[in-house]
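For reference, the structure is listed below as structure tokens.
The values are calculated or read from the model by the stated rules, or taken from the named source; none is laboratory data. Nothing here was measured: the structure is a model prediction, and the numbers come from that model. Because the Cβ atoms are built from the backbone with ideal geometry, glycine has one as well, and the counts that use them run over all protein chains shown. Keep in mind that these areas ignore ligands, DNA and RNA; they rest on the heavy atoms of the full protein, side chains included. Shrake-Rupley method; radii C 1.70, N 1.55, O 1.52, S 1.80 Å.
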Amino acid sequence: MDDEKKNIHEGHRQRMKKYFVDHGFNGLEDHQILELILFYAFPRRDTNTMAHRLLDCYGNLAKVCDTPIDILEKDFGLSQSTAVLLKMIPEMARVYSESKHKSESIDIDSAPDIMRSKFIGANFEKVALALSTANNRLIMCDIVCEGSISATEMPIRKIVDLALRHNAKFAYVAHNHPSGLCLPSRPDLETTRKLSETLNSIGVILVDHIIFTDTDCFSVHTNNKFKKYFVNNHGV
């Protein structure tokens, strides 16, 4: 009986892996995707039940992967190795997305797509900076500040230092609102104005300040209601 159960279990795993080889995750439900990923943490254990329990506990696949490692260990009882495996998923998605944009050009239209990857899986505020040359070649795009879940101060001095170090001509800044509200606050607008003026003093143009939520983004530059707060240099 034990051998029969083992053979059925192994056959299920092989069928799941074969489906992924042929179709990827297309057509699979969240619990099946999670079950498949957990195969690599539990070589012999039934991961279907665990996948359902994780989803029942945290809501959906994204929330499972966004749950801090210590919570997954303490509240759900996962080993550190399994919790780390789950946290690698959004991080891998971020790194994969970023690697596709390396050596690309950046402009006002492409900046949101290029910078969004920096905020994948973030549950607290971060500030990202992208710098480019005069012909819009992307020089760098990285997180320059991480803060609490409620507020992050724009690191103006660090941004200026990086712009000088990379001999940049154009700059783009972005930060996220974990609360889900995409509109800029008054401090956001004041910081945008101050950063634009400071960068302009060293010959660098701040092209845009973008605010991200999980499902949306807001461009201070392109929204007419807020554009008056934005110092628009040299027609950019």
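If you take the residues of segment 188-206 that are open to solvent by 20 Å² or more (accessible area, probe 1.4 Å) and within 23 Å of the chain's Cα centre (by Cα), which of them is nearest to VAL160 (Cα to Cα)? Even if it seems obvious, please write down each step before you answer.
Our first condition is that a residue be open to solvent by 20 Å² or more (accessible area, probe 1.4 Å); within segment 188-206, this holds for 188, 190-191, 193-194, 197-198, 200-203.
Pick out the ones that are also within 23 Å of the chain's Cα centre (by Cα) and you get 188, 191.
On the way: ASP188: 18, THR191: 14 Å.
For segment 188-206, the residue satisfying everything is THR191.
For segment 109-134, name all the residues that are among the aliphatic types (A, V, I, L, M), out of contact with any helix residue (DSSP H, G or I) (no Cβ under 7 Å at 6 or more places or on another chain) and open to solvent by 50 Å² or more (accessible area, probe 1.4 Å).
Correct list: ALA134 only.
Looking at segment 26-48, which of the residues that are part of a helix (DSSP H, G or I) and of a type in the set (Asp, Glu) is most open to solvent (accessible area, probe 1.4 Å)?
Residues of segment 26-48 part of a helix (DSSP H, G or I): 30-38, 47-48.
If we keep only those that are of a type in the set (Asp, Glu) too, we end up with 30, 35.
Working: ASP30: 66, GLU35: 5 Å².
Filtering first and then ranking leaves ASP30.
Return the residues of segment 74-93 that are surrounded by fewer than 16 Cβ atoms within 10 Å (Cβ to Cβ), more than 15 Å from the chain's Cα centre (by Cα) and within 19 Å of PHE39 (Cα to Cα); say none if nothing qualifies.
Across segment 74-93, the qualifying residues are GLY77, SER79, GLN80, SER81, VAL84.
Somewhere in segment 141-152, is a residue surrounded by 17 or more Cβ atoms within 10 Å (Cβ to Cβ), out of contact with any Pro (no Cβ under 6 Å at 6 or more places or on another chain) and not hydroxyl-bearing (Ser, Thr, Tyr)?
Within segment 141-152 (the criterion being surrounded by 17 or more Cβ atoms within 10 Å (Cβ to Cβ), out of contact with any Pro (no Cβ under 6 Å at 6 or more places or on another chain) and not hydroxyl-bearing (Ser, Thr, Tyr)), the answer is yes, since at least one residue qualifies.
Just checking, how many residues over segment 57-70 are farther than 24 Å from PHE20 by Cα and surrounded by fewer than 13 Cβ atoms within 10 Å (Cβ to Cβ)?
2
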